[in-house]
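Here is the structure we will look at, set down as structure tokens.
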Amino acid sequence: MISSIFQCNIIELSKINDRAGNLSFVENSKNIPFDIKRVYYIYDVPGGSDRGGHAHKNLEQFVIAVSGAFEVSLDDGTNKKIVRLDRPFMALHIQKGIWRETRNFTSGSVCMVLASEEYDEKDYIDDYNKFVAFTQK
């Protein structure tokens, strides 16, 4: 089944307020609809730069702006939308089969990604024309 960008939503994570600071958390299959198999983060991206430009056949992701801000451009082969992430308690759930690009990073941004699968090079579609063909199946 091919996903739609309309299935990619912002999820508000649990947040505990304290005079010493705030704490947000993610728990497998509770406030995230999959078990986390991989966590990685992107940092030291020059301000205004872009990253990404790929889709995954099977992998789902939660993308969080742990620090700073950036935009995520989503494309399902028919529809497109841009989501701005700029709060560490907000996560973007990206479904499988969605083309994504991250861009317009502010200086000092940290992008954390929680993934439903371990890294698998065969799961990536990094050519847009192949992605469009994949969505037509």
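Please treat every number below as a calculation from the coordinates, not as lab data. Bear in mind the structure is a predicted one, so any value in this text is a computation, not a measurement. All Cβ positions, glycine included, derive from the backbone under ideal geometry; neighbour counts span all protein chains shown.
Among the residues making up the range 3-28, a single one is within 28 Å of Phe134 (Cβ to Cβ), β-branched (Val, Ile, Thr) and loosely packed, with under 15 Cβ neighbours inside 10 Å: Ile10. When Ala55, Ala91, Ala115, Ala65 are screened for being touching a Gly at 6+ places or on another chain (Cβ under 7 Å), within 20 Å of Cys8 (Cα to Cα) and buried (at least 18 other Cβ atoms within 10 Å of the Cβ), only Ala55 passes.
Here's the yes/no breakdown for (1) touching a strand residue (DSSP E or B) at 6+ places or on another chain (Cβ under 7 Å); (2) basic (Lys, Arg); (3) outside any strand (DSSP E or B):
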{"residue": "Lys81", "(1), (2), (3)": "yes, yes, no"}
{"residue": "His93", "(1), (2), (3)": "yes, no, no"}
{"residue": "Thr102", "(1), (2), (3)": "yes, no, no"}
{"residue": "Gly108", "(1), (2), (3)": "yes, no, yes"}
{"residue": "Met112", "(1), (2), (3)": "yes, no, no"}
{"residue": "Glu118", "(1), (2), (3)": "yes, no, yes"}
{"residue": "Phe134", "(1), (2), (3)": "yes, no, yes"}
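Within the range 49-67, not a single residue is outside any loop (DSSP other than H, G, I, E, B) and without any contact (Cβ under 8 Å) to a residue 24 or more places away in the chain. Of the set (1) out of contact with any strand residue (DSSP E or B) (no Cβ under 7 Å at 6 or more places or on another chain); (2) within 21 Å of Glu121 (Cβ to Cβ), all apply to Gly53 but (1). Residues in the range 83-137 that are of a type in the set (Asp, Glu) and more than 16 Å from Phe34 (Cβ to Cβ): Asp86, Glu101, Glu121, Asp126, Asp127. Return yes or no: is Phe34 surrounded by 14 or more Cβ atoms within 10 Å (Cβ to Cβ), touching a residue at least 24 places away in the same chain (Cβ under 8 Å) and in a loop (DSSP other than H, G, I, E, B)? For Phe34, the condition - surrounded by 14 or more Cβ atoms within 10 Å (Cβ to Cβ), touching a residue at least 24 places away in the same chain (Cβ under 8 Å) and in a loop (DSSP other than H, G, I, E, B) - is met.
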